[in-house]
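Encoded as structure tokens, the structure appears first; notes follow it.
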Amino acid sequence: MKDRYAVAGHPVEHSRSPFIHARFAESTGQPVAYGRLPCPPGAFAATVRGFAASVEAGFGPARGCNVTVPFKFEAPALAGRLTPRAALAGAANTLRFDTDGWQADNTDGAGLVRDITVHAGVALQGARLLVVGAGGAAAGVLGPLLEAGPQALVLANRSVDKARTLVQRHTALAVRQGVELRAAPLERTGTAFDIVVNATAASLSGAPVPVAGQVLRPGALALDMMYGAAARPFLTWAGEHGAHGRDGLGMLVEQAAESFAFWRGVRPPTTEVLAELQRAVAQESA
């Protein structure tokens, strides 16, 4: 029987995760069934606990779930154990329902680093990097980005105090890695970064790109964690300022592969799954 997993969040109706994990299960031969778990506001913990305890005829037990917006900061409280990267982030996007106690992980950063370095072919080592936003998405990627060894990383947010809190949590890691790390308001980020990552919810709400075009050096990589229609304004903005725009599909697939490995002990291949998703999104946007 197939073990059950799901993506928990609000909303999750249009999540691509069920397709991704179905392809992973197929390529690895793992007995996995993956669905969606809508969590009403205020009912995240109860909904996830209910899923973990549920029984579905013809299927095995619920073994874990992914966690998406807006519950990544709430997820660690459900687990008795945190991986080091989840503990550092203070946020989790993956829960594993172990019989001896739940465990939480955060695979977002590893997924982003792999997409940038492998799929986009851009080096993080020695780069000047700007991350815009200080919510759950930014919290999950900051540690792995620092471990990749950029020269400098600026975390910019509308509320600079929120960015400072994240920077303080990661200061020791930055010092060990020899990375200049600082928080900044959106209007004083600095200019000419090699890589700019949009980790805000601006794309989801249709709001303008929250930083000026001067943050991009010519030929920079500008990556929005969103994809499809939500990412289009950011990608257009990047192109208008001489940068190479990239959406979040690669990160989505790579973080999912990290979650799959956390659950099943097997890391699935990702290249063809990403290509299939890119073709599907392009057709939908045509």
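The values are calculated or read from the model by the stated rules, or taken from the named source; none is laboratory data. Just so it is clear, the structure is predicted and the values come from calculations on it, not from any experiment. Cβ atoms come from the backbone with ideal geometry, glycine included; neighbour counts cover every protein chain shown.
List of remarks:
- Any hit, region 247-259, residues being over 30 Å from Pro31 (Cα atoms), in contact with a helix residue (DSSP H, G or I) (Cβ under 9 Å, 6 or more places away or on another chain) and at pLDDT 95 or above: yes
- Taking region 6-29 as the range and being exposed (fewer than 15 other Cβ atoms within 10 Å of the Cβ) and among the charged types (D, E, K, R) as the test, the residues that pass are Glu13, Glu26.
- Failed criterion for Gln151 (all others in (1) within 22 Å of Ala110 (Cβ to Cβ); (2) modelled with pLDDT under 95 hold): (2)
- Strands (runs of 3 or more DSSP E) lying entirely in region 2-88 (those with 1 or more residues that are more than 20 Å from Met251 (Cα to Cα) and touching a helix residue (DSSP H, G or I) at 6+ places or on another chain (Cβ under 6 Å)): 32-38, 62-67
- Among (1) touching a residue at least 12 places away in the same chain (Cβ under 8 Å); (2) of a type in the set (D, E, K, R); (3) in a helix (DSSP H, G or I), the one test that Arg176 misses: (1)
- Checking Ala231 against (1) crowded, with 20+ Cβ neighbours inside 10 Å; (2) among the small types (Gly, Ala, Ser); (3) more than 20 Å from Ala156 (Cβ to Cβ); (4) modelled with pLDDT under 95, the condition it does not meet: (3)
- Any hit, region 36-51, residues being within 30 Å of Glu276 (Cα to Cα), free of Cβ contacts under 8 Å to residues at least 40 places away in the same chain and surrounded by 20 or more Cβ atoms within 10 Å (Cβ to Cβ): yes
- Considered as a group, the residues in region 208-235 that are out of contact with any helix residue (DSSP H, G or I) (no Cβ under 9 Å at 6 or more places or on another chain) and of a type in the set (A, V, I, L, M, F, W, C) include one that is nearest to Gln278 (Cα to Cα), and that residue is Leu235.
- Checking Pro210 against (1) touching a strand residue (DSSP E or B) at 6+ places or on another chain (Cβ under 9 Å); (2) farther than 28 Å from Arg16 by Cα, the condition it does not meet: (2)
- Just one of the numbered conditions (1) buried (at least 24 other Cβ atoms within 10 Å of the Cβ); (2) under 23 Å from Ala220 (Cβ atoms) is not true of Val154: (1).
- Checked against the criterion of being closer than 22 Å to Trp237 by Cα, surrounded by fewer than 23 Cβ atoms within 10 Å (Cβ to Cβ) and charged (D, E, K, R), the candidates Arg182, Arg169, Arg164, Arg128 yield just one match: Arg128.
- Selection within region 252-271 - crowded, with 20+ Cβ neighbours inside 10 Å, over 13 Å from Asn106 (Cα atoms) and among the hydrophobic types (A, V, I, L, M, F, W, C): Val253
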